[in-house]
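The values are calculated or read from the model by the stated rules, or taken from the named source; none is laboratory data. No experiment lies behind these values; they were computed from the predicted model shown. Don't worry about glycine lacking a Cβ; one is built from the backbone with ideal geometry, like all the others, and counts go over all protein chains shown. When the accessible area is computed, the model is the full protein with side chains, heavy atoms only, and any ligands, DNA or RNA have been set aside. Shrake-Rupley method; radii C 1.70, N 1.55, O 1.52, S 1.80 Å.
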Amino acid sequence: MIRMGDSREAEIREEALRARRAQLVADTTCALLAQTRDLSLGEALAMMSRARRWVLELFPDKEQVFDLLYRPRFLRIVVERFRLSEDEIRFIS
């Protein structure tokens, strides 16, 4: 017999697993953005876009959360790496 609490615990475990996967995607993307030697700006932006898609597959309809949590991290690395100005970053934002 399955108790109601067991179902809720399974949901919590599943969400925690998805959150860990999203964090892994973000951390890996940050590392690649910062450490890939011959990365172009276009490739960096494509990498950010892929990470966004992967995270949103895990958490559909959470674009605002992605934009608050992960996008600033990615942009900070890209700005520093490619020495972009504030105006240029607004253009790619």
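The stretch between Lys62 and Glu88, if pulled fully straight at 0.36 nm per residue, gains 6.7 nm over its current Cα-Cα span. Of Leu45, Leu68, Leu56, the residue with the greatest mean-square motion in the GNM of the chain, using alpha carbon springs below 10 Å, is Leu68.
If I take R0 = 35 Å and measure r between the Cβ atoms of Leu69 and Asp6 in this structure, what FRET efficiency does the formula 1/(1 + (r/R0)^6) give, to the nearest 0.05?
Calculated transfer efficiency: 0.70.
Leaving ligands, DNA and RNA out of it, report the carbon-plus-sulfur percent of the accessible area of the chain at a 1.4 Å probe.
54
Among Arg37, Arg52, Arg18, the residue with the largest mean-square fluctuation in a Gaussian network model of the chain, with springs joining Cα atoms closer than 10 Å, is Arg37.
For the chain, the mean projected area of the C-alpha convex hull, equal to one quarter of the hull surface, is 7.0 nm². Surface analysis of the chain yields an accessible area of 76 Å² per residue, using protein heavy atoms and a 1.4 Å probe.
Using the Cβ-Cβ distance between Glu14 and Trp54 with R0 set to 22 Å, the FRET efficiency works out to roughly 0.85.
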